[in-house]
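Scroll down for the structure; my scribbles are underneath it.
No lab work stands behind these numbers, since they all come straight from the coordinates. Since we're looking at a predicted model, the values are computed, not measured. FYI the Cβ positions are ideal-geometry reconstructions off the backbone, even for glycines, and counts take in every protein chain you see.
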Amino acid sequence: MNDLEKFSEESRRKIVIEVLSGSMSKEQARQVYGIKSKSAILEWMRIFAGKSRNAALDPIPLLRHMSEGKDDIRILEARVKQLEEELKLSRLKGKAYQIMVGIAKEDYGLDLEKKSGAKQSQDSKKKNRK
């Protein structure tokens, strides 16, 4: 029995949505669901998108097409909100880092910024060779 016969259309659709939404990679989905074929999930994406075997896929229209159920849309909206929060936190950490570098430079005379074109010291080169 091949992977297409092993999984119902609903199961295949659920797996594809999980991959497209970023919940898991294709490889993770293969392992979690016991999918033997390395290209099965990509093939399912093409089937759901109505594309030929060699056609390129744009995941956004495919997600919209596949997310006809409100539950799927809510899951995707929650994922977008989570990613937006992570981005906001990452930007905040970047700002904090810039402030810390500025304080280190002003208060302690330490220049922590990486210089473009800076050469590696001889001691560092020797350590890396070992």
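Brief remarks on what is shown
- Ranked by the mean number of other Cβ atoms within 10 Å per residue, highest first, peptides 81-89, 19-27, 98-106 order as 19-27, 98-106, 81-89.
- Cross-link table Lys14/Lys36; Lys6/Lys36; Lys26/Lys93, entries beyond 20 Å C-alpha to C-alpha: Lys26/Lys93
- Net lengthening on full extension, Met100/Ser8 (0.36 nm per residue, minus Cα-Cα): 27.7 nm
- Under the simplified labelling scheme, the Ala78-Lys36 pair shows an inter-label distance of 3.4 nm, with each label point 7 Å from Cα along Cα→Cβ.
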